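A.B. asks: This is the structure I have questions about; it appears just below.
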Amino acid sequence: MLARLGLEPGDEEFYAEQLSGILGAIDRLQELETKHIPPTAQVVEVEATLREDVPRPSLSQDEVLANAPARVDGFFRVPSIQEEA
Amino acid sequence: MADPTRLTITELGELLREREISAAELALLHLDRIKSLDPDVQAFLRVTEEIALEQADAADKALAAGDPGPLTGIPMAVKDVLCVKGVETTAGSKILAGYRPPYTGTAVQRLFDAGAVMLGVTNCDEFAMGSSTENSSYFPTHNPWKLDRVPGGSSGGSAAAVEAGEAVFSLGTDTGGSIRQPAALCGVVGMKPTYGRVSRHGLIAFASSLDQIGPFARSVEDCALILEAMAGHDPLDSTSANRPNDVRHRINAGVEDMKLGVPREYFDVDGMEPGVKQHVEQALKMLESAGATLVDVTLPHTDYGLAAYYIIAPAECSSNLARFDGVKYGLSAQDEQNITDLYMKTRRSGFGTEVRRRVMLGTYALSSGYYDAYYLQAQKVRTLIKRDFDAAFEKCDAIVSATSPTVAFELGAKTQDPLAMYLCDVLTLGGNLAGLPGISVPCGMSGGLPVGLQVLAPQWREDVALRVARAYELASDMRVEVALV
């Protein structure tokens with residue numbers, strides 16, 4: 001549900017079987033004692049770099065919207081997000 | 001003149017500069033070869049003939065003016081995950097069908113600036129998730145050596161195109177081995193640079209802490225030329241490093257003063273084929289006779305690498321792929337009446353089985369209650385694996401092993417068994433977890449199929465990996481043969 005994958009009947013069994021096999025293989029990670037090991041999220045030391053805060057050319061609204069499945073008045077069009085009050 | 005579809009960049013550069021062949025002729029020769037061979041190989045998703053002829057024309061003008069760049073007039077192919085302005089780019093997925101990027105990514109742009117000529121877009125596993133290119137939503141690619149075999153993956157189309165003589169070089173991406181493994185299985189040279197060496201601006205992300213862009217080519221020197229043209233800091237990718245572009249430094253210096261580490265764990269992995277092991281051991285002997293000293297090193301957490309990788313990569317992909325929602329681009333279930341149904345239906349019909357599997361796995365590993373046991377633990381194991389490599393590199397300059405434990409397998413052999421497919425990357429994914437540069441060079445044939453030798457070097461030492469690979473190429477008289485399909 002969280003991943004919004006739109007599962008259909010039959011999917012759950014199919015994936016449950018495969019994922020439990022994969023999770024079984026992954027579970028061996030628990031064998032390692034890691035209490036004092038720091039986690040690695042970024043493996044290369046790169047200084048946090050910010051660009052100069054100067055304006056630069058960017059895409060036009062038309063270019064950004066060119067791939068939109070539906071657009072209206074310069075916006076992406078989506079179905080209703082809230083029920084009408 | 002030898003058949004130009006079998007030559008290297010260095011050789012073709014000379015022919016072009018001496019006007020023995022024009023860039024336009026070279027482009028047409030390759031386009032013809034694609035027309036005649038690709039119905040069998042299926043390396044290309046799209047051929048960009050118009051762009052190729054336009055760029056070839058510009059290349060001929062630069063050559064006539066006596067002002068060629070390092071890659072002027074050289075035909076290349078681009079993996080379907082790299083944005084090229086106006087060229088349909090789909091990451092091998094139905095969910096991006098019809099997407100035409102409004103800009104060209106940095107790596108490709110730098111190759112265009114160096115004079116390369118784009119022939120087309122190559123096939124890959126959907127969102128680069130796979131090791132055989134069978135997860136492409138469009139069609140599988142075939143290995144040019146034996147058409148009933150896979151080319152490896154995920155950059156299988158790029159590897160097969162170079163092997164089949166359909167392109168002189170190509171671009172791939174490597175998250176767990178997706179350049180090196182198909183290079184090995186197709187018998188070409190393929191390189192994954194250090195994490196941060198090449199800008200990923202314009203790359204459709206799979207796992208952001210692991211992804212790198214790199215080349216496929218027919219020689220180590222070609223690989224170095226392409227990498228040099230792409231490398232370097234880019235303000236548009238905050239993970240791209242600002243370092244000297246020294247990748248080709250002393251590439252011909254040989255291995256006489258070098259210690260090469262041989263990790264026993266990498267020779268005894270499950271599923272290691274005797275033919276592969278034998279050819280790699282022969283390659284090590286050859287490097288030894290070229291002057292290198294072989295030393296035993298140990299990478300004790302090798303067995304845990306696969307498990308850590310298959311937490312970290314799916315976790316990152318589940319987050320990266322959240323952007324495919326049917327609103328901004330690509331496939332969209334426009335008939336739905338509310339936004340949640342639009343998301344669900346779009347993702348339901350747009351994503352293939354492996355992508356769904358990884359999004360589920362990643363979402364699960366990141367969910368509260370499981371985060372510490374899976375994601376955090378995997379990140380800690382990543383530290384242990386990085387430390388294994390750090391310790392090994394105190395004893396040696398580079399690490400040598402097989403690239404893949406097997407030669408190319410038959411289409412369909414592993415599609416029903418995700419774990420078996422994941423094991424294809426067991427010798428390559430450590431390099432991604434540790435951010436190392438790695439190269440695969442062909443080191444012989446086993447049962448009529450190519451075997452790859454992998455060289456891993458410390459971070460930012462592409463020069464070392466390339467020098468070792470180049471020394472092997474010279475010592476073995478290795479030449480990438482073009483498979484005659």
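Derivation of every value follows stated rules applied to the coordinates shown; laboratory data play no part. Values in this document were obtained by computation on a predicted structure and should not be read as measured data. For neighbour counting, all protein chains shown are included, and Cβ atoms are generated from backbone atoms with ideal geometry for every residue, glycine included.
A.B. asks: What does a probe at B:GLU273 reach in segment B:152-181, counting residues whose amide N is under 12 Å from the point 7 Å along Cα→Cβ?
C.D. replies: Counting backbone N atoms under 12 Å from the label point, the list is B:152.
A.B. asks: Quickly estimate the mean residue ellipticity at 222 nm for chain A, helices only: each DSSP H run with n ≥ 4 gives -39500 (n - 2.57), and the total goes over all residues, rounded to 500. All intermediate terms of the calculation are to be shown ahead of the outcome.
C.D. replies: Numbers: 2 runs with 21 residues, N = 85.
Computed ellipticity for chain A at 222 nm equals -7500 deg cm²/dmol.
A.B. asks: Take the alpha carbon atoms of segment B:17-165, find their radius of gyration, then divide it by 2.2 N^0.38 Å using N residues; give the quotient.
C.D. replies: 1.04
A.B. asks: May I pose another question? Using alpha carbons only, how many degrees (0 to 90, rounded to 10) separate the axis of helix A:11-26 from the longest principal axis of chain A?
C.D. replies: The answer is roughly 60 degrees.
A.B. asks: Something else about it: By average Cβ neighbour count within 10 Å, what is the ranking of B:183-196, B:14-27 from highest down? Don't jump to the answer; show the numbers that get you there.
C.D. replies: Values: B:183-196: 31.7, B:14-27: 17.4.
Going from most to least packed, we get B:183-196, B:14-27.
A.B. asks: What does the average come to when, for each residue of peptide A:15-27, you count the partner chain Cβ atoms lying within 10 Å of its Cβ? Don't skip to the answer; put the middle values down first.
C.D. replies: Values: counts 5, 1, 0, 8, 5, 0, 3, 10, 8, 1, 7, 15, 3.
Per residue, the average neighbour count from other chains is 5.
A.B. asks: Would you mind computing, in nm to one decimal, how far apart the modelled labels at A:ALA25 and B:GLN337 are, each placed 7 Å from Cα along Cα→Cβ?
C.D. replies: So the label points at A:ALA25 and B:GLN337 sit 4.4 nm apart.
A.B. asks: Next question. Would segment B:276-356 count as rounded, prolate or oblate if I go by the C-alpha gyration tensor, calling it rounded below 1.5 in a/c and otherwise prolate when a/b exceeds b/c, oblate otherwise? Mind dumping the intermediate values first?
C.D. replies: Details: a/c = 4.77, a/b = 3.33, b/c = 1.43.
Here segment B:276-356 falls in the prolate category.
A.B. asks: Between B:ALA402 and residues 5 or more places away or on another chain, which pairs have amide H atoms under 5 Å apart, with H built 1.01 Å from N, and which residues are they?
C.D. replies: B:GLN454
A.B. asks: Within segment A:4-45, list the residues whose amide N lies under 20 Å from a label point set 7 Å along Cα→Cβ of B:ASP372.
C.D. replies: Answer for this model: A:27-41.
A.B. asks: Now for a different question. Under 15 Å from the Cβ of B:VAL426, count the other residues' Cβ atoms, weight Lys and Arg +1, Asp and Glu -1, and hand me the total.
C.D. replies: Details: positive: A:ARG28, B:ARG180, B:ARG264, B:LYS277, B:LYS414; negative: B:ASP174, B:GLU265, B:ASP268, B:ASP270, B:GLU273, B:ASP303, B:ASP388, B:ASP417, B:ASP425.
Here the charged neighbours net out to -4.
A.B. asks: Another question, if that's okay. Search the structure for amide H atoms under 5 Å from the amide H of B:VAL295, placed 1.01 Å from N in the peptide plane, and list their residues when 5 or more places away or on another chain.
C.D. replies: For B:VAL295, the qualifying residues are B:LEU260, B:GLY261, B:VAL262.
A.B. asks: Please compute, for peptide B:356-367, the average count of beta-carbon atoms on other protein chains lying within 10 Å of each residue's beta-carbon.
C.D. replies: Mean shielding by partner chains, rounded to a whole number: 4.
A.B. asks: Still on this structure, I have one more. Quick check on chain B: helices-only [θ] at 222 nm, where DSSP H runs of length 4 and up contribute -39,500 (n - 2.57) each and the sum goes over total residues. Nearest 500, please.
C.D. replies: So the calculated ellipticity at 222 nm is -12000 deg cm²/dmol.
A.B. asks: Which order do the peptides B:394-405, B:208-219, B:247-258, B:230-241 take when ranked by the mean count of other beta-carbon atoms within 10 Å per residue, highest first?
C.D. replies: B:208-219, B:394-405, B:230-241, B:247-258
A.B. asks: Using only the Cα atoms of segment B:111-269, build the gyration tensor, take square roots of its eigenvalues as a ≥ b ≥ c, and label the shape rounded, prolate or oblate: rounded if a/c is under 1.5, else prolate if a/b is larger than b/c, else oblate. Before the final figure, lay out the partial values.
C.D. replies: Values: a/c = 1.42, a/b = 1.17, b/c = 1.21.
Since a/c stays below 1.5, the shape of segment B:111-269 is classed as rounded.
A.B. asks: Same structure again: Say the dipole of chain B comes from +1 at the beta carbon of Lys and Arg and -1 at that of Asp and Glu; which of B:VAL41, B:TYR329, B:THR5 then lies farthest toward its positive end?
C.D. replies: Of the options given, the answer is B:TYR329.
A.B. asks: Let me ask something else about it. Treating only the Cβ of Lys, Arg, Asp and Glu as charged (+1, +1, -1, -1), what charge dipole size does segment B:85-209 show about its Cα centre? Round to the nearest 20 debye. Spell out each step's value before the answer.
C.D. replies: On the way: 10 positive and 9 negative charges, 62 e Å.
Once rounded to the nearest 20, the dipole reads 300 debye.
A.B. asks: Please quote Rg/Rh for chain B to two decimal places, taking the Kirkwood radius as Rh and restricting both calculations to Cα atoms.
C.D. replies: On the way: Rg = 21.1 Å, Rh = 22.1 Å.
The Rg/Rh ratio comes out at 0.95.
A.B. asks: Compute, for segment B:296-368, the length of the dipole vector about the Cα centre, with Cβ point charges of +1 (Lys, Arg) and -1 (Asp, Glu) only. Units Debye, rounded to 20. Walk me through the numbers before you get to the answer.
C.D. replies: On the way: 8 positive and 8 negative charges, 50 e Å.
Dipole size: approximately 240 debye.
A.B. asks: To the nearest whole number, what is the average tally of beta carbon atoms from other chains within 10 Å of the beta carbons of peptide A:29-37?
C.D. replies: On the way: counts 11, 4, 3, 8, 1, 8, 1, 1, 8.
The per-residue average across the peptide is 5.
A.B. asks: Same structure, new question: How many nm is it between the label spots at B:LYS35 and B:ASP303, if each spot is 7 Å from the Cα in line with the beta carbon?
C.D. replies: 5.7 nm
A.B. asks: Sorted from fewest to most neighbouring beta carbons within 10 Å, what does the list B:GLU228, B:GLU88 look like?
C.D. replies: Numbers: B:GLU228 20, B:GLU88 16.
Lowest count first: B:GLU88, B:GLU228.
A.B. asks: For segment B:374-474, which chymotrypsin sites (Phe, Trp or Tyr not before Pro) pass both filters: DSSP loop (anything but H, G, I, E, B) and at most 11 other C-beta atoms within 10 Å?
C.D. replies: Details: sites: B:TYR374, B:TYR375, B:PHE389, B:PHE393, B:PHE409, B:TYR422, B:TRP460, B:TYR472; in loops: B:PHE409, B:TRP460.
Taking segment B:374-474 and a limit of 11 other Cβ atoms within 10 Å, no loop chymotrypsin sites (Phe, Trp or Tyr not before Pro) are found.
A.B. asks: Follow-up question, since we're still on this one. Considering the Cα trace of segment B:361-485, what is its radius of gyration and what is Dmax, both in angstroms?
C.D. replies: That works out to 17.8, 56 Å for Rg and Dmax.
A.B. asks: Could you check the simple spin-label distance between A:VAL54 and B:ARG17, using points 7 Å along Cα→Cβ, in nm with one decimal?
C.D. replies: A separation of 3.6 nm, rounded to one decimal place.
A.B. asks: Kindly provide the GluC sites (Glu not before Pro) of segment A:1-73 that DSSP labels as loop, not H, G, I, E or B, and whose Cβ sees at most 10 other Cβ atoms within 10 Å.
C.D. replies: Working: sites: A:GLU12, A:GLU13, A:GLU17, A:GLU31, A:GLU33, A:GLU45, A:GLU47, A:GLU52, A:GLU63; in loops: A:GLU33, A:GLU45, A:GLU47, A:GLU52.
Answer in residue order: A:GLU33, A:GLU45, A:GLU47, A:GLU52.
A.B. asks: Let me ask you something else. Put one equal scatterer on each alpha carbon of the protein assembly as shown, apply the Debye formula with no solvent term, and list log10 I(q)/I(0) at q = 0.10 1/Å to two decimals.
C.D. replies: Ignoring solvent entirely, the Cα scatterers give -0.79.
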